[in-house]
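Visitor: Before I ask anything, let me first share the structure, which is written out below as structure tokens.
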Amino acid sequence: MLTVASDIEVLARFGRALADPIRCRLLLALREAPAHPSDLADALGISRTRLSNHLACLRDCGLVVAVPVGRRTRYELADERLGHALDDLRNAVVAVEADKTCPDAKTKGCC
């Protein structure tokens, strides 16, 4: 049974999806156009197994859907408005103090 998630649940799911750089790259790729897993793996330069794990996470978060196309499966954003949300997030100005970085910046390559 499909239920409507609360605002907080939706934001938490979106945050979980965006917490990983590969999932961010996947969402941006799917923002451009739907794609098959093999094409996504090649474009992102990752193994199909690793890609599959990230696609499963994005499906579980409700951000992408798998569409059967003959014997293959194509992935796309679950709602076209997600593409607009990604654009808005990319264009948002993030205020960061110049002398402060995330504690994980050196080990995880973030921030």
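The values are calculated or read from the model by the stated rules, or taken from the named source; none is laboratory data. Quick caveat: nothing in here was measured; it's all calculated off a predicted structure. Every residue, glycine as well, gets a Cβ built from its backbone with ideal geometry; the counts of neighbours run over all protein chains shown. These area figures cover heavy atoms from the full protein model, side chains too; ligands, DNA and RNA do not enter into them. Shrake-Rupley method; radii C 1.70, N 1.55, O 1.52, S 1.80 Å.
Visitor: What do you reckon, is ASP7 of a type in the set (Asp, Glu) and surrounded by 13 or more Cβ atoms within 10 Å (Cβ to Cβ)?
Guide: It is false that ASP7 is of a type in the set (Asp, Glu) and surrounded by 13 or more Cβ atoms within 10 Å (Cβ to Cβ).
Visitor: Here is a further query. Might you check whether a residue that is at pLDDT 90 or above, farther than 25 Å from ALA12 by Cα and out of contact with any Phe, Trp or Tyr (no Cβ under 9 Å at 6 or more places or on another chain) occurs anywhere in segment 90-107?
Guide: No - not one qualifying residue is present in segment 90-107.
Visitor: Go through segment 44-68 and report how many residues are open to solvent by 30 Å² or more (accessible area, probe 1.4 Å), of a type outside the set (Lys, Arg) and either touching a His at 6+ places or on another chain (Cβ under 7 Å) or in contact (Cβ under 8 Å) with a residue 24 or more places away in the chain (or both).
Guide: Summing the residues that are open to solvent by 30 Å² or more (accessible area, probe 1.4 Å), of a type outside the set (Lys, Arg) and either touching a His at 6+ places or on another chain (Cβ under 7 Å) or in contact (Cβ under 8 Å) with a residue 24 or more places away in the chain (or both) in segment 44-68 gives 2.
Visitor: Looking at ALA17, ALA35, ALA41, ALA85 in this structure, which one is more than 10 Å from the chain's Cα centre (by Cα), open to solvent by less than 30 Å² (accessible area, probe 1.4 Å) and in contact (Cβ under 8 Å) with a residue 24 or more places away in the chain?
Guide: Numbers: ALA17 fails: more than 10 Å from the chain's Cα centre (by Cα); ALA41 fails: in contact (Cβ under 8 Å) with a residue 24 or more places away in the chain; ALA85 fails: open to solvent by less than 30 Å² (accessible area, probe 1.4 Å).
On inspection, the qualifying residue turns out to be ALA35.
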